[in-house]
Structure formats: structure tokens, C-alpha cells
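Structure record follows, encoded as C-alpha cells.
The numbers here are math on the coordinates, done by the rules we state, and not lab data. Only a predicted model underlies this, so the values are computations on that prediction, with no experimental measurement involved. Positions of Cβ are backbone-derived with ideal geometry, glycine not excepted, and every protein chain shown enters the neighbour counts.
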Amino acid sequence: MKNFSIIVPLYNNYKIVQRCLDSLIQYSNGAQIILYDDASSENNYFQLINNHIKGKNFHYFRSDKNLGFTKVCNNASKVANREFILFLNSDAFLNSLSLIELYKGFLKDSNIGVLGPMTSSTSSEQQIPIAYSNRFKWSNERIETYAKELQKNNYKYPPVDIKLVGGFAFAVRRNIFERLNRFDEDFVDYGGEKEFCIRARKNGYRTCYTKSAYVHHLGKMTFTTVKDINIGLKQVEGDKLIEKKYGSNWRGL
């Protein structure tokens, strides 16, 4: 959809990334696509990505040094020029209804600053149990069928308020994202989306998910085999940083 800029931070793991790129090629429908490579080290990675998107209207940026997930997102957002930005993990895949249902969700209330879809893997109520159980099994065709079933059953429901929107497919109004000075870069790899949700609500905006949109997410594959980081430890560190900034009751803010 032409209303969206879609930002995908990249770091290695081309086998997973190519499936994400295929979903963008098939379902972005005129969206601005911004790929930002955080100094990937896999052999021929740059060439593989370029070959995959050759002839497509994708913007591909590459950093010479590792910046971390949050700074990559912020840098890419400065190129975004559409009404909405969707930050999409490289192990998450669109279907034909993902963008249109997110767009419809935003239209239901101009005060919604952050909006997410339902999914197969996240730490919130956006996760659907049957999709989680089959997240590594479902083909693209099965995902498409499921997304259509979900939309048919849930299109009448309004967006649901939630404290922390999952970061795997994190949609924001661009003007609000810029007004609030983007993600806090103190959060290098994890925690930036959580902190932004708190900041958005403190500034009077809603943070929600819509039951009619679906984005398939494998979960914790963005950093698999890369950076040699302990994902659980990074998440804990991000939460501690939020606690330092907002206090021990930050989950209830």
C-alpha cells in the first residue's frame, strides 16, 4: 500500500531473509520498502540481497559497522516518506491482507499512534496459539488462507488497547514517530519498541493491535546465528533499562 513505508533491518541469515523479501515483493502493493543492512558478515550477502531485489523498487542501505537494531531503525526512518511506518523483522512475512487491515485499524481512531497485527510468535496477547504451534510448518499458501479466515471472523472488531505492542511488526504514524524523536537509542537491540509504547501513551496516544490483521512471525530468528548474542539476556537488559527510566512499575504505565 502506498500509505506505508516498510523498514526491514537486516543482519545475515539470508535463508530466512529471502522469505521475508518474497512476501514484500508479492504483497507490499506500492509501499516504500527500505532495507537496512547492519554490516552483515555472511559471504556474498550484499550480492545475494541485491540479486533478490533486482528490478524492484526497494531502497537498500548498508552500514560499514554494526550499529545495533534500534539505530538501524532510526536511520532508515529518516528516509521514510509515507503516512505510516511498519518496522518489520526479517523473520516476519506479510500476506495479502496485512497492510490493508493495519491501515483500516489506523483509520478507526486518529489517536492510535502504534498498531500491531495478530501473529504466530510474540510475548503478548497478539500471539495465536494454533499459529504458534505451526509457525515453522505452515506454507505461504496456508498462511494466506489463515489470514483470510482471521480477517473474515474479526473485521468488525475495533482495535484493542495493549500496553506493549510486539516489535516484530510495529506500525506507527510517521508524524507521531518523528514528533516523539523516534526510538531511544540507549536501547541498542532490544526494548526500544516497548519504551516507545510507554512514551506514546504518556503523550496521549493509543497503542493497540487489530484482530483482523495477521503477520506470520517465526520468532527469535532475526539474531539466530548472528552477533553471538544471548537473546534472553538482551531482553532482560532492555527491561532493566526501561525500569531505570520509568521505575519498577513500568509495565503498568
Net charge (Lys, Arg +1; Asp, Glu -1) of residues whose beta-carbon lies under 14 Å from that of residue 150, residue 150 excluded, is +3
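Might you report the magnitude of the Cβ-based charge dipole of the chain about its Cα centre, with Lys and Arg at +1 and Asp and Glu at -1, to the nearest 20 debye? Mind dumping the intermediate values first?
Details: 36 positive and 25 negative charges, 115 e Å.
That gives a dipole near 560 debye.
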With the Cα gyration tensor of the chain giving a ≥ b ≥ c as the square roots of its eigenvalues, does the rule (a/c under 1.5 for rounded; else a/b larger than b/c for prolate; else oblate) give rounded, prolate or oblate?
rounded
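Just want to confirm a number: the relative contact order over the chain, from Cα pairs under 8 angstrom separated by 6+ residues, in percent. Don't skip to the end; give the middle numbers.
Numbers: 481 pairs, mean separation 63.0, N = 253.
With pairs under 8 Å counted, the relative contact order is 25 percent.
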Residues of the stretch 1-40 with amide N under 14 Å of the 7 Å Cα→Cβ point at residue 62
10-14, 35-40
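For 205, 14, what's the fewest-to-most ordering of other Cβ within 10 Å of each Cβ? Please report the intermediate quantities before stating the final value.
Working: 205 21, 14 18.
Lowest count first: 14, 205.
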Pull up all non-local amide H partners of residue 61: gap of 5 or more, or a different chain, and H-to-H distance under 5 Å with H placed in the peptide plane.
35, 36, 37
Just to be sure I understand: of the beta bridges DSSP finds with both ends in the stretch 4-252, what percent are antiparallel, rounded to 5?
35 percent
Counted charge near residue 163, where neighbours are those whose Cβ lies closer than 14 Å (Asp, Glu -1; Lys, Arg +1):
+1
Taking the dipole of the chain about the Cα centre (Lys, Arg +1; Asp, Glu -1; charges at Cβ), the one of 44, 27, 136 that reaches farthest to the positive side is 27
